[in-house]
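I have placed the structure first, in the form of structure tokens, so that the comments after it can refer back to it.
The values are calculated or read from the model by the stated rules, or taken from the named source; none is laboratory data. No experiment lies behind these values; they were computed from the predicted model shown. Positions of Cβ are generated from backbone atoms using ideal geometry, with glycine treated the same way; all protein chains shown enter the neighbour counts.
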Amino acid sequence: MKHPIGFTAEIPADKREAMPTPVQLCHSTPVKSVVQVHFPRKNRTLGYYNDSFDLHRGDLVYVDGKLAGQRGRVVEVSYHFKIKLSDYRRVVAVADTEVHGTFYLAGSHLVTFARETLPYSKVRSWFKAPEQEETYVTGHDSETLCDLEHLDDLQVSSAIADRGYTYYLEDRVKYICLDGPYGRALVQGSTMYEVEFTCHGREISDLLCDCFCSYTCKHELAAMLQLRNALVFIEKYYADQYNAAHYFAAIEKGAFYTLVVDSRESGSITV
Ligand SMILES: [Zn+2]
């Protein structure tokens with residue numbers, strides 16, 4: 001039995017059309033404010049000056065200073081203030097959590113087959129601060145590493161196999177997408193790690209993680225287990241949609257609720 005979920009936020013049509021695609025960060029007219037930002041992982045709420053965005057309660061933001069890189073949620077906005085600038089750190093980025101589209105239930109995750117609904121660049125901003133100017137170099141050998149049905153071929157140590165499997169069971173693969181053969185995943189470890197891979201049929205190659213391991217890591221293994229799980233659901237219930245789009249993106253239900261549903265005051269969900 002199929003269970004589509006429609007999620008629509010009540011956003012004026014003119015604003016929706018103005019949204020660039022893909023969207024990484026909000027670009028609205030700035031309104032100066034002092035905001036209180038709660039950082040759940042630190043269980044702290046601190047004040048920040050904002051002159052770059054139009055911030056509202058519930059917005060997910062990144063700041064500079066000691067908590068740079070930590071995602072915080074705006075819990076209070078003040079427009080009437082007089083502060084000494086040197087006393088305040090600033091808000092440096094806002095995650096764009098506006099989502100429009102239909103989602104399908106697939107175990108621990110919600111799946112969409114529309115590229116514009118959960119693009120990687122957008123979802124990445126929900127979990128990670130914007131990149132500093134940094135140069136990465138990668139090497140690819142493009143050899144088939146393993147078949148999804150035989151992940152034992154990855155030849156990881158038993159410790160990594162255990163951790164990877166535990167990560168998978170704990171739903172730490174917060175997001176995974178496959179566009180044609182090219183896949184990406186976000187895996188929650190001590191920080192959020194980015195995994196990329198290529199998947200032809202069931203054959204996996206070019207598996208890379210930004211934890212900079214030179215061997216197959218627990219994040220990569222967890223991502224492959226999640227990919228296999230997602231494809232089982234998709235092929236069983238949603239094969240037509242997937243075959244038409246050659247694309248899917250899946251987000252873990254808890255993350256979707258916390259980041260997309262819980263942060264907004266209006267919208268609708270249809271089940
Ligand atoms: Zn890794």
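Things to note:
- Selection status of PHE212, aromatic (Phe, Trp, Tyr), within 16 Å of the ligand (Cβ to nearest atom) and more than 14 Å from ALA161 (Cβ to Cβ): yes
- Taking the criterion of being of a type in the set (Phe, Trp, Tyr) and part of a helix (DSSP H, G or I), the residues of the range 181-237 that qualify are PHE233, TYR237.
- Of the strands (runs of 3 or more DSSP E) lying entirely inside the range 29-114, the ones with 2 or more residues being touching a residue at least 60 places away in the same chain (Cβ under 8 Å) and among the hydrophobic types (A, V, I, L, M, F, W, C) are found at 91-94, 101-106, 109-112.
- Scanning the range 148-182 for residues that are under 15 Å from GLY201 (Cα atoms) and surrounded by 13 or more Cβ atoms within 10 Å (Cβ to Cβ) returns LEU148, LEU151, CYS177, LEU178, ASP179, PRO181, TYR182.
- Just one of the listed residues (PHE103, PHE81) is among the aromatic types (Phe, Trp, Tyr) and touching a Leu at 6+ places or on another chain (Cβ under 6 Å), namely PHE103.
- Residue match in the range 199-208 (condition: under 16 Å from ALA250 (Cβ atoms) and either surrounded by fewer than 23 Cβ atoms within 10 Å (Cβ to Cβ) or modelled with pLDDT under 95 (or both)): yes
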